[in-house]
Amino acid sequence: DARYASEAEVLLTPAGIPFTSFNAPAQFGLPNSIRIDLYETLGRLCGVLYELGHERIGFISDRPTNEHPYDRMSAMERAAAAAGKSFDQSRIIVESDHENQFECGYRAFSRMMDLQSVPDAVIAINDLVAIGAMAAARKRGVAVPKDVSIVGFDNTPAGRYISPSLSSVNLPTGKQGELAAEMLLKIIKEKVSETYSVTLDTDIILRDSVRSKSVT
């Protein structure tokens with residue numbers, strides 16, 4: 001995992017122990033890693049939402065959003081600037097005191113709806129948080145997607161079966177593990193000394209939880 005890859009490199013490389021990392025931010029430049037460019041993906045998702053007519057995008061999370069230079073906050077800020085929209089840091093809500101991720105989304109969305117500048121689109125750090133946000137929207141009488149669009153990450157099966165069906169970002173999680181294992185076996189068997197990395201593509205899946213320009 002990318003959280004421990006730097007430490008692993010320091011400890012394992014001098015000892016000659018081969019390793020790979022996955023779920024690594026593409027900008028980290030970690031050796032022998034399977035990468036996903038979440039920074040680029042979030043910026044691209046914001047761009048799609050702006051193109052669909054949204055003006056104020058919020059983000060809800062169950063963990064800090066500024067963990068490294070290529071964080072979610074800067075990705076959203078750059079996407080807003082590229083679209084000629086305003087970026088408001090107050091629309092990034094972190095709800096870390098929660099029982100589970102559904103509860104995180106529920107509480108974070110409720111807090112977001114009390115802001116002076118209420119978002120018309122909300123991106124959640126994952127689908128479970130997004131589903132919690134949708135539950136909060138129903139409780140408050142906020143129509144999805146007419147009043148606010150909601151998007152998750154991970155494209156879990158549950159998102160396809162709730163109502164409205166959840167828009168999400170498809171991450172190649174299974175492919176990451178497969179490629180990481182193949183990479184490690186190659187390093188061991190072929191005694192590969194040169195490091196290399198693979199960056200996987202992501203897909204934005206738009207479903208009923210995101211409004212189009214025609215929705216009024």
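Numerical summary
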read-out	value
Restricting the stretch 75-90 to residues that are crowded, with 17+ Cβ neighbours inside 10 Å and under 15 Å from Thr41 (Cβ atoms), the residue that is modelled with the lowest pLDDT	Ala75
Members of the stretch 2-59 found to be at pLDDT below 95 and at positive phi, listed by number	Gly16, Asn23, Gly29, Asn32
Residue pairs meeting the criteria (Cβ under 9 Å; at least 6 apart or on separate chains; first within 23 Å of Gly47 (Cα to Cα) and touching a residue at least 40 places away in the same chain (Cβ under 8 Å), in the stretch 134-161; second open to solvent by less than 40 Å² (accessible area, probe 1.4 Å) and of a type in the set (Phe, Trp, Tyr))	Met134/Phe109; Ile150/Phe109
Residue under evaluation Leu171, criteria (1) crowded, with 16+ Cβ neighbours inside 10 Å; (2) over 15 Å from the mean Cα position of the chain (by Cα); (3) at pLDDT below 95, criterion not met	(2)
Within the stretch 123-150, tally of residues that are open to solvent by less than 10 Å² (accessible area, probe 1.4 Å) and over 12 Å from the mean Cα position of the chain (by Cα)	8
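A quick yes/no check of all residues on (1) out of contact with any Pro (no Cβ under 8 Å at 6 or more places or on another chain); (2) closer than 26 Å to Ile36 by Cβ; (3) modelled with pLDDT of 95 or more:
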site	(1), (2), (3)
Pro64	yes, yes, no
Met73	yes, yes, no
Glu99	yes, no, no
Asp127	yes, yes, yes
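The values are calculated or read from the model by the stated rules, or taken from the named source; none is laboratory data. If you're wondering where the values come from, they're calculated on a predicted model, not measured in any experiment. All Cβ positions, even for glycine, are placed from backbone atoms using ideal geometry, and neighbour counts span all protein chains on display. Accessible surface areas use protein heavy atoms only, side chains included; no ligands, DNA or RNA. Shrake-Rupley method; radii C 1.70, N 1.55, O 1.52, S 1.80 Å.
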